[in-house]
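Heads up: the structure comes next, in structure tokens.
The values are calculated or read from the model by the stated rules, or taken from the named source; none is laboratory data. It should be emphasised that the depicted structure is a prediction, and the values quoted were computed from it without experimental measurement. Because the Cβ atoms are built from the backbone with ideal geometry, glycine has one as well, and the counts that use them run over all protein chains shown.
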């Protein structure tokens, strides 16, 4: 780089790195300070870093899909209705059992047999169970969002 600068007649070559703020005038060129740098994305009207949580989640969703599980509970945190499942971005193959029914069954099997549900624990267990089972069937682990409806 120094040789190229000399060949081009640059009087004061300066080696800089991404994020270096350079003063070119007045006086000799110099690095003033280092500032945040990196890739930025325009998300609607907002600039965000390429490693921002929202960008990482969108990338994961686009590759792995998402499963939404809604579990109805009564006042005593017992299952009191039909579990609802919705899937987005997950393919169905001919010959496979209906994946929504399969996920319903998987969610029910992941809940405690006593019927009393601890929401935080159930959220983790249902999510892990569905991710693991779909990972074995499909080769990808989707994001699983478990919510509880108190009836």
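Computed values, structure above
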{"quantity": "Residues that are part of a loop (DSSP other than H, G, I, E, B) and modelled with pLDDT of 85 or more, drawn from the stretch 11-23", "calculated": "13, 14, 15, 16, 17, 18, 19"}
{"quantity": "Output for the stretch 34-85, where each listed residue is within 21 Å of residue 114 (Cβ to Cβ) and touching a residue at least 40 places away in the same chain (Cβ under 8 Å)", "calculated": "69, 70, 71, 72, 73, 74, 75, 76, 77, 80, 81"}
{"quantity": "Hits in the stretch 66-85 (condition: surrounded by 15 or more Cβ atoms within 10 Å (Cβ to Cβ) and more than 15 Å from residue 101 (Cα to Cα))", "calculated": "66, 72, 73, 77, 79, 80"}
{"quantity": "Residues that are in contact (Cβ under 8 Å) with a residue 12 or more places away in the chain and exposed (fewer than 10 other Cβ atoms within 10 Å of the Cβ), drawn from the stretch 18-31", "calculated": "18"}
{"quantity": "From the options 135, 95, 139, residue that is at pLDDT 85 or above, surrounded by fewer than 16 Cβ atoms within 10 Å (Cβ to Cβ) and at positive phi", "calculated": "139"}
